[in-house]
Amino acid sequence: MRPADRASRGRGGDAPTPLDGVDAVLADLDGVVYRGGDAIPYAADALTRAAGSVRVGYITNNASRRPDAVAVQLAGFGLAVTADDVVTSPQAAVRLLAERIPPGSAVLVVGGVGLTSVLEENGYRVVRSADDAPAAVVQGFAPEVGWTQLAEAAYALQGDGATIPWIATNTDWTIPQERGTAPGNGTLVSAVHTAVGRLPEVAGKPEPEIFRTAATRFGSRSALVIGDRLDTDILGARRAGMRSALVLTGIDGPKQVLAAEESSRPDFLLDDLRQLFEPYQAPIATERRGGAVDTRVGSAVVRRDGSALTVLDEGARRIDLLRAGSAAIWSSGLKIYGLRVPPELYS
């Protein structure tokens, strides 16, 4: 038995836990470790416990901050983290860039220090004007990005620059802020796309490059990705061929889980990160007379009869009901809008 297996056994006998067979945990940040400026309950303790057996790394699409600044923030929540434990979308972007142009080349940057510092550390010359004949454009979010930077990127990608590489750190449409939800890098990328009529390569989630960057750095061959968003964390993990766990402490909740497309369905559903160490019971499906199928997780039971779902037993835990309900829907072969779903499953 691997050390991770021994450490992750919990109550429930021989049932596996989400950490069984894992050699690295790759955790998203906002919605998993913290929410805004506040620590998410149990997250830091659970990740510290996991770090006793496997490598724990943190992956973020945020291109506005350096890894050492992220590490300082995480340390403030009680985590033992260094800059090397943090994998950012600018780092993944530089890996893509290195396959296309050599170090020493001029790169027009739309973004801030989180992006420029990584490029300079890897030997690229940062420029801000299309008149400097850049060999590539790299675009990432920073609060100071405005029309002037977007226009320079558009100028550089037209005419003689129409075929140079254009790499976006990520294309998140929104970014959470203390005052609410604000436009993210995806909206800024879209502005340049509208002007030049082409799309960039994307380094961050949900594209696989950021996950590959993390796996290479940590020497991982069997990572578990933990995220709070189906469309970035879970979809990206699946594209990278990694197992994934959705924790219900951030953006996506039961409604999004039940409606998830096959490409963004997680391997594990967690209320919080304490459940990383609990035995994870696989759904048990039993076909009844007449074609109805009962799906059980723990004491929660959901029946699907044709296109109608019924909660037969809510069970002792809400998470078991959600696991049973999602399994019943996902195995039906039907789209969520073709099913009658009782509100008990998503309320």
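Every number in this text was worked out from the coordinates using simple rules, so none of it is lab data. Because the structure is predicted, anything quoted here is derived from the model rather than measured. Note that we place each Cβ from the backbone using ideal geometry, even for glycine, and neighbour counts take in every protein chain shown.
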What FRET efficiency comes out for the pair residue 42/residue 307, r = Cβ-Cβ distance, R0 = 41 Å, nearest 0.05? 0.60
Which net charge results for the neighbourhood of residue 191, defined as the other residues with beta-carbon distances under 14 angstrom from its beta-carbon, given Lys and Arg at +1 and Asp and Glu at -1? 0
Where does the longest stretch of the chain lie that holds no GluC sites (Glu not before Pro) found in a DSSP loop with 13 or fewer other Cβ atoms within 10 Å? 1-98
Quick check: net charge around residue 250, other residues with Cβ under 10 Å of its Cβ, Lys/Arg +1 and Asp/Glu -1? -3
How big is the gap, in Å, between the Cα center of region 131-195 and the Cα center of region 16-74? 28 Å
Could you compute the FRET efficiency for residue 282 and residue 160, with r as their C-beta to C-beta distance and R0 at 56 Å, rounded to 0.05? 0.45
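Per the Kirkwood definition applied to all pairs of different Cα atoms, how many angstroms is the hydrodynamic radius of region 90-202? Intermediate results must be reported in sequence, preceding the final value.
Numbers: mean 1/r = 0.0722 Å⁻¹.
Kirkwood hydrodynamic radius for region 90-202: 13.9 Å.
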What is the angle, in °, between the Cα long axis of helix 89-98 and the longest principal axis of the Cα atoms in the chain? Nearest 10 is fine, range 0 to 90. 60 degrees
Which chymotrypsin sites (Phe, Trp or Tyr not before Pro) does region 255-347 hold that lie in a coil by DSSP with at most 13 other beta carbons within 10 Å? none
Residue 131 versus residue 271, label points 7 Å from Cα toward the beta carbon: distance in nm? 6.2 nm
In vacuo Debye scattering of the chain, one point per C-alpha: log10 I(q)/I(0) at q = 0.09, 0.10, 0.11 Å⁻¹? -0.54, -0.65, -0.77
Computed over region 202-275, the distribution of all Cα-Cα distances in 5 Å bins, rounded to whole %, is 3, 18, 30, 23, 16, 8, 2, 0
Taking the Cα atoms only, what angle lies between the long axis of helix 318-330 and the longest principal axis of the chain, rounded to 10 degrees? 80 degrees
Can you give me the C-alpha center-to-center distance between region 200-240 and region 320-347, rounded to a whole angstrom? 27 Å
Say a site is exposed when it is one of the trypsin sites (Lys or Arg not before Pro), sits in a DSSP loop, and has at most 16 other Cβ atoms within 10 Å; what is then the longest site-free stretch of the chain? 12-99
What's the percent breakdown of Cα-Cα distances in region 1-142 across 5 Å bins, shortest bin first? 2, 9, 17, 17, 14, 12, 10, 8, 6, 3, 2, 1, 0, 0
Those residues of region 16-59 whose amide nitrogen sits under 13 Å from the label point placed on residue 221, 7 Å along Cα→Cβ: 22-24
For region 284-345, what does the alpha-carbon gyration tensor say about shape, rounded, prolate or oblate, given a ≥ b ≥ c as the root eigenvalues, a/c under 1.5 as rounded, and a/b over b/c as prolate? oblate
